[in-house]
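Input: a single structure, listed below in structure tokens.
The values are calculated or read from the model by the stated rules, or taken from the named source; none is laboratory data. Just so we're clear, the structure is a prediction, and the values are computed from it rather than from any experiment. Ideal geometry is used to build each Cβ from the backbone, glycine not excepted, and the neighbour counts take in all protein chains shown. What goes into the accessible areas is simple: the full protein's heavy atoms, side chains included, and nothing from ligands, DNA or RNA. Shrake-Rupley method; radii C 1.70, N 1.55, O 1.52, S 1.80 Å.
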Amino acid sequence: MKNLLIDKKSGENLIINVKDVLIGGPDKVLISGPCSVESLDIMINISKGLKDIGVNILRGGAFKPRTSPYDFQGLQIEGLKILKTAASIVNLPVVTEVMDLRDIDVVLKYADMIQIGSRNMYNYSLLKEVGKLNVPVILKRGMSATLKEWVYAAEYIMCEGNYNVVLCERGIRTFENYTRNTLDLNSVCVIKQKYRLPVIVDPSHGTGLSEIVPQMGLAAIAAGADGLIIESHINPEKSISDSRQTISMESLSTLYKRLKILQSLNL
Ligand code: PEP
Ligand code: MN
């Protein structure tokens, strides 16, 4: 079979630079923030808390892919503005999801990195379009995607010229339904061995349960992940979306300290 651009054989391991935060280098990266951007006030308080903890990149959804059309769909452009304002106060880069081709330009006005969500991993027109840009991308694994399908989705972006791709394992749908998804950490080990893109893990969507998010985050780091993306909030129970899996600032702070200890072990 032909070598893919993503294969280790095709070149050096790639380190993705998001406003001087390096993903895929020696330091593990922590990306965190609420599932959805809710208001300027809340977003500023969250950002300040995250900055104090040592978080590297701020996340927050403005365009939200919700299972029910009757659920909160995100503040959209207003959400992007809030996210950017809050991030500028604490001087952190921002990642947010782009759901639709038509929103790419407006999202790029406010974001430093874009996220392609699980539901859009198979959206090949979106992948190609993002591939034409010179912007860092988090490509989440489709909830029913095999490792191969996910790798090819990354290849779609790379073969258009954009190599700034960070893979994100966020759990897959299995027969197990106690947890929201089954966090497949096998994929992390395989990606680190065979492919040259960094991989981060999202234990929030991967478990759906805030009480096990920190442990699974640490397990992901032990498996070799280059970083974590975690949903957090100053008041997790009050989060408008995904409150059940959102962790507090205190819990994130403990997780961060443990992550640094694991990093120092150089596993
Ligand atoms: C999210 O990050 O808020 C999200 C919707 O994630 P996923 O696409 O993995 O479901
Ligand atoms: Mn979410």
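Quick rundown of the values:
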quantity: Any hit, segment 168-181, residues being at positive phi and in contact with a Leu (Cβ under 9 Å, 6 or more places away or on another chain); calculated: yes
quantity: Checking Asp103 against (1) closer than 24 Å to Val29 by Cα; (2) more than 9 Å from ligand 1 (Cβ to nearest atom); (3) touching a residue at least 40 places away in the same chain (Cβ under 8 Å), the condition it does not meet; calculated: (1)
quantity: Restricting segment 207-231 to residues that are within 11 Å of ligand 2 (Cβ to nearest atom) and surrounded by 24 or more Cβ atoms within 10 Å (Cβ to Cβ), the residue that is nearest to the chain's Cα centre (by Cα); calculated: Ile229
quantity: Some residue of segment 85-92 being open to solvent by 60 Å² or more (accessible area, probe 1.4 Å), β-branched (Val, Ile, Thr), more than 15 Å from ligand 1 (Cβ to nearest atom) and part of a loop (DSSP other than H, G, I, E, B); calculated: no
quantity: So Lys64, is it of a type in the set (Lys, Arg) and in contact with an Asp or Glu (Cβ under 8 Å, 6 or more places away or on another chain); calculated: yes
quantity: Selection within segment 27-44 - in contact (Cβ under 8 Å) with a residue 24 or more places away in the chain and open to solvent by 70 Å² or more (accessible area, probe 1.4 Å); calculated: Asp27, Leu40
quantity: Residue identified as farther than 25 Å from Ser39 by Cβ and assigned to a loop (DSSP other than H, G, I, E, B) among Gly224, Gly217; calculated: Gly224
quantity: Selection count, segment 128-146, where residues are under 17 Å from the mean Cα position of the chain (by Cα) and more than 17 Å from Ala111 (Cβ to Cβ); calculated: 4
quantity: Extreme residue, modelled with the lowest pLDDT, among residues of segment 1-14 that are assigned to a loop (DSSP other than H, G, I, E, B) and farther than 16 Å from Ile200 by Cβ; calculated: Met1
quantity: Candidate set: segment 242-256, residues that are away from ligand 2 (no atom under 16 Å from the Cβ) and either without any contact (Cβ under 8 Å) to a residue 12 or more places away in the chain or touching a Gly at 6+ places or on another chain (Cβ under 8 Å) (or both); chosen: the one nearest to Val213 (Cα to Cα); calculated: Leu255
quantity: Evaluation of Gly74 against (1) part of a helix (DSSP H, G or I); (2) under 15 Å from Val107 (Cα atoms) (one fails), failing number; calculated: (1)
quantity: Condition met for Ala62 (open to solvent by less than 20 Å² (accessible area, probe 1.4 Å), away from ligand 2 (no atom under 16 Å from the Cβ) and either within 25 Å of Val201 (Cβ to Cβ) or touching a Phe, Trp or Tyr at 6+ places or on another chain (Cβ under 6 Å) (or both)); calculated: no
quantity: Residues being in a loop (DSSP other than H, G, I, E, B), away from ligand 1 (no atom under 16 Å from the Cβ) and of a type outside the set (Phe, Trp, Tyr) - total across segment 15-71; calculated: 11
